[in-house]
Amino acid sequence: MAISRSHSIKQLTAEDLNLMAGLMQVFGKAFDEIETYTGATPDEPYLTNLLNLDTFIALVALDGDTVIGGLAAYVLPKFEQARSEVYIYDLAVDEAYRRQGFATAMIEHLKPVAKAKGAYVVFVQADHGDDPAIALYNSLGEREDVLHFDIPVD
């Protein structure tokens, strides 16, 4: 499903801090974690630095100038070969715009960006029970069933 002409996908740069704020709002609302995404937002120098990194990718889906979806990904350089992987850390679309092709469009937009950064694959995790995300990812790639562990650092 293609998105309409009034909508667009944009890769954020350090000049797009206003759109980054919109991205945080979309993530907070979509994941029901408003405080996590907007309660202690990093300052402008931090976000400018983040958006300038070659290892961070932020994309937004726009309806005009309004952020309606977004994707945050990290480039992970590999050690066993001179190549990278790109990990989609967060992906969300505002509820009013779901099932219209925006998530797929952002992933399709990510592919050439990832390739240009030396990646051979893009990967993403989905939680058991998140059937819409699982269906989307199944339609785009090969599924691997793995276990995920969070290990505290202190």
Using θ = phi - 60° and the Karplus curve 6.51 cos²θ - 1.76 cosθ + 1.60, what whole-Hz ³J(HN,Hα) does each residue of region 56-65 get, with Gly and Pro shown as x?
-> 10, 10, 10, 10, 10, 9, 10, 10, x, 9
Hey, rough spin-label estimate for Y74 and A40, points 7 angstrom out along Cα→Cβ, what's it come to in nanometres?
-> 1.7
Between the residues L51, Y89, L110, the Cα farthest towards the positive end of the dipole of region 7-140, that dipole coming from +1 and -1 charges on the beta-carbon of Lys, Arg, Asp and Glu, is from L110
Order of E108, E85 under a 10 Å beta carbon neighbour criterion, fewest first | E108, E85
In whole Hz, the Karplus estimates of ³J(HN,Hα) for region 73-81 (6.51, -1.76, 1.60; θ = phi - 60°; x where Gly or Pro) are 9, 10, 8, 10, x, 8, 9, 7, 8
Can you list which of the chymotrypsin sites (Phe, Trp or Tyr not before Pro) found in region 51-116 are DSSP loop residues with at most 11 other C-beta atoms within 10 Å?
-> F79
Can you quote the Å³ per residue value for the convex hull of the Cα atoms in region 7-140, rounded to an integer?
-> 119
Quick calc, D54 & K29: beta-carbon distance into FRET formula, R0 35 Å, rounding 0.05, result 0.75
Net charge, T48 excluded, C-beta distance under 12 Å - Lys, Arg +1, Asp, Glu -1 = -4
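Read-outs: derived from the displayed coordinates by stated rules, not from any lab. What you see is a predicted model, and the numbers here were worked out from it, not measured in a lab. Don't worry about glycine lacking a Cβ; one is built from the backbone with ideal geometry, like all the others, and counts go over all protein chains shown.
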